[in-house]
Structure formats: C-alpha cells, structure tokens
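Written below as structure tokens is the structure these notes are about.
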Amino acid sequence: MSILIACGLGSFVFVALFTWRAYTRAPGPGQSPRSAITEAWVNIAVGFAINFIANFLILPLIGAHPSAAQNFWMGWIYTAVSIVRQYAIRRWFNAHLVALSRRLAGEGGS
C-alpha cells in the first residue's frame with residue numbers, strides 16, 4: 001500500500017468519525033453541530049468534484065500526471081482538512097454571533 005493510499009484511507013476514517021461526532025453532539029444555541037456538518041458535507045461534495053477535475057487540468061501544467069486513483073486519494077486528504085476547517089470556522093462564528101446577539105439584547109454579561 002502506498003503512502004498516498006494510507007493517508008487517504010486515514011483521512012476517510014477521520015472524516016467518518018468527525019461526522020459521527022458532529023451528528024451525536026448535543027445542540028446548543030444557534031446552528032446545531034448537525035446542521036454545520038451537513039452544510040460542510042454539501043460544500044465538500046461540490047468542492048471534491050471541482051478539485052478532482054481541476055487536478056487533471058492543472059497538475060500536468062507543472063509536470064505531475066496523477067492517475068484517477070491518485071487524484072481520488074489526494075482529494076480525500078484535502079477533504080479531511082477542508083471539512084475540519086469549514087466546520088471549525090462555522091462553529092466559531094456561530095458561537096461569536098450568538099454571544100454578540102445576546103450582548104446586544106442585554107441578556108449576557110460584559
């Protein structure tokens with residue numbers, strides 16, 4: 001097994017566990033973890049398709065000629081990074097927007 005496939009499989013497992021964790025977390029104020037991970041997955045599916053095609057068009061320009069399988073596994077590695085990034089940013093903004101709205105409504109502390 002190549003290092004690319006091993007990293008791709010590891011990314012696949014990580015994304016599956018990360019998704020399961022988000023679906024089983026208790027919702028808080030604002031957007032729920034389930035909604036955030038669902039939104040992230042829709043964005044990732046579109047991004048994966050674009051990335052897959054772009055790799056075949058762009059990488060040969062720099063001398064790289066990945067096979068479809070290599071392109072797929074690279075995509076999974078990018079997917080793992082991307083889903084965590086998008087989910088974390090969404091949850092961070094959600095927490096700060098909820099806190100701001102509470103302060104503006106006079107419900108929160110400082």
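The values are calculated or read from the model by the stated rules, or taken from the named source; none is laboratory data. Everything numeric in this text was worked out from a predicted model, so none of it was measured. Every residue, glycine among them, receives a Cβ derived from its backbone with ideal geometry; neighbour counts consider all protein chains shown.
Numbers for the structure displayed
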| item | result |
| --- | --- |
| Matching residues in the range 36-71 - criterion: being within 25 Å of SER2 (Cα to Cα) and among the acidic types (Asp, Glu) | none |
| Counted residues, the range 52-110 - those being modelled with pLDDT of 85 or more and farther than 26 Å from ARG34 by Cβ | 23 |
| Subset of the range 57-92 [over 11 Å from the mean Cα position of the chain (by Cα) and surrounded by 13 or more Cβ atoms within 10 Å (Cβ to Cβ)] | LEU59, PRO66, GLN70, ASN71, PHE72, TRP73, MET74, GLY75, ARG91 |
